[in-house]
Every structure is written in C-alpha cells, then in structure tokens.
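A short worksheet on the structure shown next.
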Amino acid sequence: MNQQAFPQDFLFGAATSSFQIEGATDVDGRSPSIWDQFCQEEGRIADGSDGRRACEHYLRFRDDVALMHKLGLEAYRFSIAWPRVMPMGVGAINEKGLAFYDQLIDELLSRNIQPWITLYHWDLPACLGDQGGWLNRDITQHFAEYAQKMVARLGDRVKNWITHNEPWCVASLGYRQGEHAPGLKDPRSGWIAAHHVLLSHGLGMKAMQSERQDLNIGITLNLTPAFAASDSKADREATRRFDGSFNRWYLDPIFKGCLPVDMVPEVEEECGGALDFIHNGDLALIQQKLDFLGINYYSRAIIRGDEQSEGQTSRTLHADPADITDMDWEVSPDGLRELLLRLQRDYAPEALYITENGAAYDDSPDAQGRIHDARRVRYLEKHARAMQEALKQGVKLKGYFLWSLFDNFEWAYGYKKRFGMVWVDYETQTRLPKDSALWYRDLIQQRIIP
Ligand code: FCB
C-alpha cells in the first residue's frame, strides 16, 4: 500500500461556524441574525429547532479548545458572528461581543492552534436583512467596513482570513431556492445576491489589505465537479450548465475578472433582462489577488439532462447508490482529486486549502460510551488518499479542515444531521470524541494515513 507522507507543514485542522455552535444568541449585546428570524418561521427547520443553545460554545470555549489540543489540531477555522461584534451591522463595535473572539483567539494561540477566521458564514445581522440583505448594493460597503474593523482589532494575532463561506449557498439557497435564510424563491434575486457577495469579497479584501499587509486572505467556495451521465447531447449540455452556474460563475470573476460568457444568455433569461446589477468596474474589483482559495468539498454531481429540453433541465444521479451519507450525498473521493487537478490547471491559485470536508452519519455511543463511526473513518481515509494523489501530481494543496469539530446545528436540517468528529449530547452538552477523531489525531501526528 502506498504510504506517501503528508508534508510536515501541511496544515490539519477542523472547522465550525458561529451560528452552528455558539448558542447564547441574546447575550452581551448580540443582535438577532437572519437565521434567528428564519428559525422562528413555521416549517423552515426540519426539527423545529434553532440556534439559541446549539453547542453552548460561547460558554464552553475554553474546554472546547482544550479538547482540540487533545486531538492534536494544528488549526481551527471558525466564523465571527457579525451581529455579535457589530449589532447595528455598521458603526460601533460591541466590545463585549468582540471580547469573546479575543479570548477564543488567545486561548487557541496558547495551545499552539492557528486561528483561521471566516468573516461571513451566513448569520447576517437582521437589521441589514431588513434593508434587503444581499439584494441591496449598500451591503457591499457595510461588509468591507466590518471586515476592516475585524482586521484592525484581531489582525495582530490572526493572519489567516476567509472573506466568505460558500457564496453559491448564500445566493442560491437563500434567495433563489428558499431553503436558507432569508428564504426567498426568486431566480433574479439569486443572481443579484451572488454578485453582491462577490463584490463585497473584492471590496472587503481591499479594505483588509489597507489595514494590514501581513495577512493571508482568501475566499471559500463550495465546488461540485460535474460529470455527464453519458455522452448524449442533453447530458453534456446539462453538465455545462451545472458547472457554469455552480462553479464557474464564482471562479471566473474571482480569478479572471470576467463572467463565464457561455452562461450569460441563460442567466439573462432567468433574470428577465440585462444583468444591470453588475456595474462597470465591478468585475475588476472582484478580481483581487488571492493568497489562497478555500474549497469545501462534499460530493460530485453526475448530471442527466432532460432530452426534451435538450439539457435545459436536469437531475443529479448517484453512481453508487449504496455509498451515500445521511445527507444523501454520494461518497466520491475521485471527485475531490479531479476538482483539485482542474483548479490547478484552469485557475492556478497561489495555494489551495480544503476548508471543509466531511460526512453526516448518525452513529451514537455504545454501552461503553464509544462511538464507532466506521463509515466516517472510511470517508476521511478515502479523501485523504485523494489529497495525496493530487499532491503527487503537483497540486498546491497546503492544508485540510475537517467538517466538523462537533455535531452541530445543520441549518434547515436542525440537529438531525451529525457531521462531528466529536459527538454532542445536546441535553447535557457532553462531548465525546468519536473513533474518527482518534483516527484523525493519529493522522496528524504520524503524517501518514492510519
Ligand atoms: C457547508 C456549510 C457548513 C455545513 C456543511 C455540511 O455547506 O458551509 O456550514 O453546513 O455544509
């Protein structure tokens, strides 16, 4: 068996996000976010839950960092809750809210764990949501102000920054498909939101760099490599469309400062006219030189196009219906390898980090309190091998963050989907490392796949 080692400076960490773990949503001056509101709406969250308690990380962060240390994590990716640190969305900083991140960062550094901050992982201050959220162009300036202020206060200790987590999800799930906050179902709104998120990324990067020049700044995209189910015209056409709207619509502006031209007529059709929300000069602003690209990878898509509409509509198939996670996502480490190779070839980023990868499986403790999540171990192992193959082929992959440190609030699914390498009993708030956490600890320590 091939036992190529991960380089010593390859970074292994775990990821979370504020709304999914913090709880304490109404203390120390935090204002409501669009997710607090969304959870209150009937039928939005599968188990009727919300983020008020979550993993109580706000209270338990010191113990949580001690646990990260015990598991050997080298880095921790977390997000800042914008409504906690700037409750009005703009203007004054809420010192009590910021103090939480200050202390968390110091705690991490004292344990030799690198902090990686995501500025926007979806919990927009509700007051900005009331002004149209990502549909209102003003938000791009507000985001830049928020980003700059965070760098001014935390940039002395935190060098690694991610502007946005998964713009596609913000735009498409939030404004087009209605599955995430704010729950709109309008195609044009989806494309407007996508553009404003990207523009705010560009403006945010400039603002951050004007504050400090010693930062490592990137953006995290959720990318899904798409493969045609067959060579038929309909399948190929549908695959092009899927890739265009899911991947290239974000990659091309960021890396090339242009839209994917083949997609423009389709997007115009969906928007019912010209893309007048994209102003002259916007694309140049979006194309800032990234220090790294973060990718969240969970699965690939095999696309079957509809014959009648010649691929204008499509559905996703599973190659192996037996190998799916609790999210109904196919386990496809090959998809990860292919994605990494393609990014290196087509976009040549300075550096690549996998900022999320993992799987939901509902394993619970046995009589001895052990959680034998063998399927997650297998998932992680396969994806670690895919990374090694990509490294061998010259991909500039520098690190990996497992999603997630804890079982947590999985958005519209509530607490029913468990992605954690650490099991959480939401009643007692007990944390129990699963077998996968012990496996990961060994990988980090030995640098070879256990
Ligand atoms: C990603 C999100 C993350 C989590 C995982 C499962 O899309 O960034 O918050 O929900 O999926």
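The values are calculated or read from the model by the stated rules, or taken from the named source; none is laboratory data. Being a predicted model, the structure only gives us computed values, none of them experimental. Cβ: placed from backbone, ideal geometry, glycine included. Neighbour counts: every protein chain shown. The area values use the complete protein model at the heavy-atom level, side chains included, leaving out ligands, DNA and RNA. Shrake-Rupley method; radii C 1.70, N 1.55, O 1.52, S 1.80 Å.
Just checking, which of ALA181, ALA171, ALA152 is among the aliphatic types (A, V, I, L, M) and away from the ligand (no atom under 16 Å from the Cβ)? Give the steps one after another, and end with the answer.
Working: ALA181 fails: away from the ligand (no atom under 16 Å from the Cβ); ALA171 fails: away from the ligand (no atom under 16 Å from the Cβ).
After ruling out the rest, the residue left standing is ALA152.
Does THR224 satisfy the criteria of being part of a strand (DSSP E or B) and of a type in the set (Val, Ile, Thr)? Spell out the reasoning first.
Values: part of a strand (DSSP E or B): no; of a type in the set (Val, Ile, Thr): yes.
So THR224 fails the test.
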Practice prompt. Look at the stretch 210-265 and say how many of its residues are without any contact (Cβ under 8 Å) to a residue 12 or more places away in the chain and farther than 25 Å from HIS318 by Cβ.
Written response: 5
Worksheet item: Which of (1) farther than 23 Å from PHE78 by Cα; (2) out of contact with any helix residue (DSSP H, G or I) (no Cβ under 7 Å at 6 or more places or on another chain); (3) modelled with pLDDT of 95 or more is the odd one out, the single condition GLY369 does not satisfy?
Response: (3)
Discussion item. So, in the stretch 48-60, how many residues would count as being open to solvent by 20 Å² or more (accessible area, probe 1.4 Å) and over 16 Å from HIS180 (Cβ atoms)?
Written reply: 7
Worksheet entry | Test set (1) without any contact (Cβ under 8 Å) to a residue 40 or more places away in the chain; (2) more than 22 Å from the chain's Cα centre (by Cα) - LEU317 fails condition number | (1)
Fill in: Selection count where residues are open to solvent by less than 30 Å² (accessible area, probe 1.4 Å) and either within 26 Å of the chain's Cα centre (by Cα) or of a type in the set (S, T, N, Q) (or both), scope the stretch 272-284
2
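Here is a list: ASP334, ASP362. Which entry is more than 16 Å from the ligand (Cβ to nearest atom) and either surrounded by fewer than 17 Cβ atoms within 10 Å (Cβ to Cβ) or within 24 Å of TYR415 (Cβ to Cβ) (or both)? Walk me through it before giving the result.
Numbers: ASP362 fails: more than 16 Å from the ligand (Cβ to nearest atom).
None of the others qualify; the one that does is ASP334.
Which ones in the stretch 345-383 are aliphatic (A, V, I, L, M), under 14 Å from TYR400 (Cα atoms) and outside any helix (DSSP H, G or I)? Full working, then the answer.
Looking only at the stretch 345-383, we keep the residues that are aliphatic (A, V, I, L, M), and these are 348, 351-352, 354, 359-360, 367, 371, 374, 377, 380.
From the residues that got through so far, the ones that are under 14 Å from TYR400 (Cα atoms) too are 351-352, 354, 380.
ALA351, LEU352, ILE354 - these are the residues of the stretch 345-383 that are aliphatic (A, V, I, L, M), under 14 Å from TYR400 (Cα atoms) and outside any helix (DSSP H, G or I).
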Discussion item. Going by what's in this entry, would PHE406 be described as at negative phi, touching a residue at least 40 places away in the same chain (Cβ under 8 Å) and touching a Cys at 6+ places or on another chain (Cβ under 7 Å)?
Written reply: yes
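Quick check, is VAL422 within 16 Å of the ligand (Cβ to nearest atom), among the β-branched types (Val, Ile, Thr) and closer than 22 Å to GLU74 by Cα? Reasoning before the result, please.
Numbers: within 16 Å of the ligand (Cβ to nearest atom): yes; among the β-branched types (Val, Ile, Thr): yes; closer than 22 Å to GLU74 by Cα: yes.
Answer is yes for this residue.
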Fill in: Residue under evaluation ARG447, criteria (1) of a type outside the set (S, T, N, Q); (2) surrounded by 17 or more Cβ atoms within 10 Å (Cβ to Cβ); (3) away from the ligand (no atom under 16 Å from the Cβ); (4) at positive phi, criterion not met
(2)
Fill in: Of all residues making up the stretch 295-319, the number that are among the aliphatic types (A, V, I, L, M) and within 16 Å of the ligand (Cβ to nearest atom)
2
Worksheet item: Here is a list of conditions, (1) of a type in the set (A, V, I, L, M); (2) in contact with a strand residue (DSSP E or B) (Cβ under 6 Å, 6 or more places away or on another chain); (3) within 16 Å of the ligand (Cβ to nearest atom), and ALA46 meets all of them except one; can you say which number that is?
Response: (2)
Discussion item. For the stretch 401-413, check the following and say yes or no: at least one residue is within 14 Å of the ligand (Cβ to nearest atom) and surrounded by fewer than 21 Cβ atoms within 10 Å (Cβ to Cβ).
Written reply: yes
Discussion item. Of everything in the stretch 155-168, what is open to solvent by less than 10 Å² (accessible area, probe 1.4 Å) and more than 15 Å from the ligand (Cβ to nearest atom)? Give them in sequence order.
Written reply: GLY155, VAL158, TRP161
Response to the item:
Only unsatisfied item for LYS382, checking (1) open to solvent by 30 Å² or more (accessible area, probe 1.4 Å); (2) within 16 Å of the ligand (Cβ to nearest atom); (3) touching a Pro at 6+ places or on another chain (Cβ under 7 Å), is (2)
Discussion item. Out of the residues in the stretch 99-124 meeting the condition of being aromatic (Phe, Trp, Tyr) and either out of contact with any His (no Cβ under 6 Å at 6 or more places or on another chain) or over 26 Å from ILE34 (Cα atoms) (or both), tell me which one is nearest to the ligand (Cβ to nearest atom).
Written reply: TRP122
Practice prompt. Name, by its number, the condition in (1) open to solvent by 50 Å² or more (accessible area, probe 1.4 Å); (2) on the phi < 0 side of the Ramachandran plot; (3) within 16 Å of the ligand (Cβ to nearest atom) that does not hold for ASP328.
Written response: (2)
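Quick check on this structure: which one of PRO260, PRO253 is open to solvent by less than 30 Å² (accessible area, probe 1.4 Å) and in contact with a Leu (Cβ under 6 Å, 6 or more places away or on another chain)? Explain how you work it out, then say what you get.
Values: PRO260 fails: in contact with a Leu (Cβ under 6 Å, 6 or more places away or on another chain).
Every option except PRO253 fails the conditions.
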Fill in: Every residue from the stretch 67-118 that is open to solvent by 30 Å² or more (accessible area, probe 1.4 Å), touching a helix residue (DSSP H, G or I) at 6+ places or on another chain (Cβ under 9 Å) and aliphatic (A, V, I, L, M)
MET88, VAL90, ILE93
Fill in: Subset of the stretch 285-320 (residues that are surrounded by 14 or more Cβ atoms within 10 Å (Cβ to Cβ) and among the basic types (Lys, Arg))
ARG300, ARG304
Practice prompt. Determine whether GLN393 is of a type outside the set (Phe, Trp, Tyr), closer than 24 Å to THR224 by Cα, touching a helix residue (DSSP H, G or I) at 6+ places or on another chain (Cβ under 8 Å) and surrounded by fewer than 21 Cβ atoms within 10 Å (Cβ to Cβ).
Written response: yes
